[in-house]
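Asks: What follows is a single structure, and I will ask about it in a moment.
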There are 2 protein chains.
Amino acid sequence: MTARAPRADALRNRSRVLAAAEQVFVARGTAVSTEAVARAAGVGIGTVFRHFPTKAALIEAVFRERLRRFGEEADQLVEADDAGQAIWIFLSRVAEVAAGKQAWADAFAATNLRDALTPAREQLPRALGSLLSRAQEQGAIRPDVTVAELVALMLAVSRVPELDAEGAALRARVLTIVFDGLRPQP
Amino acid sequence: MTARAPRADALRNRSRVLAAAEQVFVARGTAVSTEAVARAAGVGIGTVFRHFPTKAALIEAVFRERLRRFGEEADQLVEADDAGQAIWIFLSRVAEVAAGKQAWADAFAATNLRDALTPAREQLPRALGSLLSRAQEQGAIRPDVTVAELVALMLAVSRVPELDAEGAALRARVLTIVFDGLRPQP
DNA sequence: TCTAAAGTGGAGTGATCACTCCGTTACAAA
DNA sequence: TTTGTAACGGAGTGATCACTCCACTTTAGA
């Protein structure tokens, strides 16, 4: 009746596949074959499909994992003294991770964002919410901004670097503009 | 020796294919088969490939056409009295056109933007440049912004609506933030 | 009107994938 | 150690595409 304990090799392979998929997708886009992912993970294709029943499910899992890690980063920033600066750091971090990485555009596009970001349940919106209200109390962020706008801006800035002629410099200037727009307005 | 005039049916088919491709890509993404595009255009596949040697070339052509039309809209806005408002209108327009349209994300991603936007040669950056300097003279836009940032923000806002829970309302609020950031800062 | 050349349509081709199936292997529980 | 079973690997399958080829049609120019 009671479920048998999960096998050690199964758990190990699952995380290997996730890690390899992230690397390969980032490097070559989500259009790479599942076989390439399997090879990178050092497992057979059958194993990939055992853990992720379709390729779309694999892409979504990789994406959720990325969001989960952003959530963790946001959580750590909640403890910062200057909440406004924490939001600046967070947005910069998102833009930086997405820089030049076609794969995030693919993943964002392929995933149902409303599911991935169900506000009440997931860590990321919760952490962003704390960050935001603290920053608003401190007067660093205008009071009419909500988490929805923050998430939208997160998506938006993750697109900026694709132009990358000047790379990091342009990214920083765009972030400055966005951030100034987030400040309380006269 | 002199080149023969291009055939009327060839020209007609070329623009039919372009128009059909735009419609189909917007509706179903650029992953649709070339055959579907041909069917929508009412021509054979062979004809599509005669005009656009690869599928990537077709996607790029559709995308350039879209940019060209944005360029036209920007050009018309150059004559507006209030250049700041003109930029607001332009950015809103870009966000609106991109709204919910997966295809633009695909197209942006698949195209070499630096080629498509070579500053000196294309209409869009030129028009944006005029718009921008007039707005800066009028004191509506901060002086340290360049066309590169404007284009980057254009890309950025074209991503916002994908979240679309509240659709137009969220889009407007995000645009407000971005636009306030573009104003001269205290 | 005639004709050479450009253009057309769509069956065919080869390559690539996502996904399945099943004989083999490694593990957890007894 | 033994054993039942979950997990593994990877060849195989069917479907889908991008792109080609060529017999036929339409056009521009004479």
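Asks: For region A:1-104, state which trypsin sites (Lys or Arg not before Pro) are in a DSSP loop and have at most 11 other beta carbons lying within 10 Å of their beta carbon.
Replies: When the trypsin sites (Lys or Arg not before Pro) of region A:1-104 are filtered for loop state and at most 11 Cβ neighbours within 10 Å, A:Arg4, A:Arg7 remain.
Asks: Then there's this: Determine the dipole magnitude for region A:1-53: charges of +1 sit on the beta-carbon of Lys and Arg, -1 on that of Asp and Glu, nothing else is charged, the reference point is the Cα centre, and the result goes in debye to the nearest 20.
Replies: 180 debye
Asks: Find the chain A residue whose Cβ sits closest to the rotation axis that carries A onto B, and give that distance in whole Å.
Replies: Residue of A nearest the axis onto B, distance in Å: A:Gly181, 1.
Asks: Apply the Karplus parameterisation 6.51 cos²θ - 1.76 cosθ + 1.60, with θ equal to phi minus 60°, to every residue of region A:68-74 and state each ³J(HN,Hα) to the nearest whole Hz, in sequence, with x for glycine and proline.
Replies: 4, 5, 4, x, 4, 4, 4
Asks: Consider all pairwise Cα distances in region A:1-53 and report the whole-number % of them above 11 Å.
Replies: 68 percent
Asks: In nm, what does the list of distances from B:Ser15 to its counterparts in the other copies look like, shortest first, when each label sits 7 Å along Cα to Cβ?
Replies: Nearest to farthest, the other copies are at 6.1 nm.
Asks: Which stretch or stretches of region B:38-57 have amide N atoms under 17 Å from the point lying 7 Å from B:Ala3's Cα along the Cα→Cβ direction?
Replies: Answer for this model: B:50-53.
Asks: Moving to a separate point now. From the label point of A:Gly139, set 7 Å along Cα to the beta carbon, how far off in nm is each other copy's matching point, shortest first?
Replies: In nanometres, ordered from closest: 2.5.
Asks: Work out the mean other chain Cβ neighbour count within 10 Å for the residues of A:148-158 and drop it here as an integer.
Replies: Counting other chains' Cβ atoms within 10 Å and averaging over A:148-158 gives 6.
Asks: I would also like to ask the following. In nm to one decimal, list the spacings between the A:Ala57 label point and its equivalents in the other copies, with label points set 7 Å along Cα to Cβ, shortest first.
Replies: Inter-copy label distances (nm, one decimal, shortest first): 4.1.
Since every read-out is calculated from the coordinates, none of them should be taken as a lab result. Only a predicted model underlies this, so the values are computations on that prediction, with no experimental measurement involved. Note: ideal-geometry Cβ built from the backbone for every residue, glycine included; neighbour counts use all protein chains shown.
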